[in-house]
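Reading through the structure tokens given below for one structure.
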Amino acid sequence: MGQQDIEPIVRADHIYLDYAQGSIRGDRISAIVEDASFTIQRGEKFVIIGPSGCGKTTLLKAIGGFLQPLRGELLLKGQPIKKPGPDRAFVFQDFEQLFAWRTVIGNIVYALQAAKRVPKNEAIEKARHYLELVQVAAAADKYPHQLSGGMKQRAALARALALEPDILLMDEPFGALDAITRNQLQLELNEIWQRTGVTIVLVTHSIQEAVFLGTRVMVMSSSPAQIREIVDTSQAEEFGSQQFDALSKHLRSQLIHHETSPERIAQLSAVE
């Protein structure tokens with residue numbers, strides 16, 4: 001990738017997040033995520049890991065515009081994030097992200113017309129381009145129920161990419177797939193990123209996935225979550241390399257650090 005922008009695409013400055021909007025009692029805040037500050041540079045793969053329930057998805061939704069900070073500032077390209085928009089596209093873990101009554105290509109064409117008012121012929125051409133990119137063009141005229149889980153995730157990724165968003169927000173996108181399909185899609189996502197340069201923000205429970213996919217990995221503590229560390233993983237390009245194993249070990253130690261409950265330590269030690 002080229003030199004990073006001086007101005008980050010996302011900037012979080014001491015943000016507090018909770019689903020109960022406005023839950024401030026005097027100076028006391030009941031938050032899921034508290035006092036989080038970080039930046040995301042344009043064109044990087046920024047991965048968020050942490051214990052279950054620590055607020056990873058909450059943070060992703062806030063970047064997507066579905067949740068406002070209780071306190072602090074969350075900026076996209078220098079402007080406060082107020083609402084969702086086609087400049088941020090989501091890919092979820094759930095296989096059933098596509099409209100069941102539309103074909104694969106029909107799902108993408110509909111998204112382009114609804115979100116960006118792209119003329120139909122142009123939308124069809126763009127849809128076919130992104131289906132080729134994610135290697136699912138042969139299934140363009142099939143319906144979601146005719147696809148495997150991996151094919152559904154490829155189609156959902158094509159739909160998100162077709163919007164040509166500034167940021168691709170991915171919440172455990174490969175978590176429900178079998179190991180072989182998951183590894184293949186991880187490789188393909190890296191190739192797609194290299195070809196498109198899209199900024200990716202990805203939530204995962206897998207340390208190995210975080211190290212392999214991320215250029216930087218943000219480690220969060222248990223809820224109420226704070227940022228424990230942001231680790232540069234950009235040089236860990238191969239599974240099983242010495243650097244890959246060292247970074248995986250370091251991230252695992254950061255997840256376990258200061259967790260005093262034996263049950264919690266056992267849970268975190270079991271994380272991939």
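The values are calculated or read from the model by the stated rules, or taken from the named source; none is laboratory data. All values derive from a computational prediction rather than experimental measurement. All Cβ positions, even for glycine, are placed from backbone atoms using ideal geometry, and neighbour counts span all protein chains on display.
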- [ ] Select from the stretch 113-149 the residues that are more than 12 Å from T103 (Cα to Cα) and surrounded by 19 or more Cβ atoms within 10 Å (Cβ to Cβ) and list them in ascending order.
- [x] V118, A123, K126, Y130, L131, L133, V134, V136
TODO: For L157, work out the one condition from (1) hydrophobic (A, V, I, L, M, F, W, C); (2) surrounded by fewer than 22 Cβ atoms within 10 Å (Cβ to Cβ); (3) in contact (Cβ under 8 Å) with a residue 12 or more places away in the chain it doesn't fulfil.
DONE: (2)
- [ ] Please verify whether the stretch 239-246 includes one or more residues that are buried (at least 17 other Cβ atoms within 10 Å of the Cβ), small (G, A, S) and at pLDDT below 90.
- [x] no
TODO: Give the stretch 154-185 a look and list any residue that's at pLDDT 90 or above, of a type outside the set (K, R) and part of a helix (DSSP H, G or I), or say none.
DONE: A155, A156, L157, A158, A160, L161, A162
Task: Among the residues listed as P69, P51, the single one being assigned by TED's automatic domain parsing to the domain that holds Q235, in contact with a strand residue (DSSP E or B) (Cβ under 6 Å, 6 or more places away or on another chain), at pLDDT 85 or above and in a loop (DSSP other than H, G, I, E, B) - done: P69
TODO: Scan the stretch 72-81 and give yes if some residue there is at pLDDT 90 or above, closer than 23 Å to N190 by Cβ and assigned by TED's automatic domain parsing to the domain that holds V231, otherwise no.
DONE: no
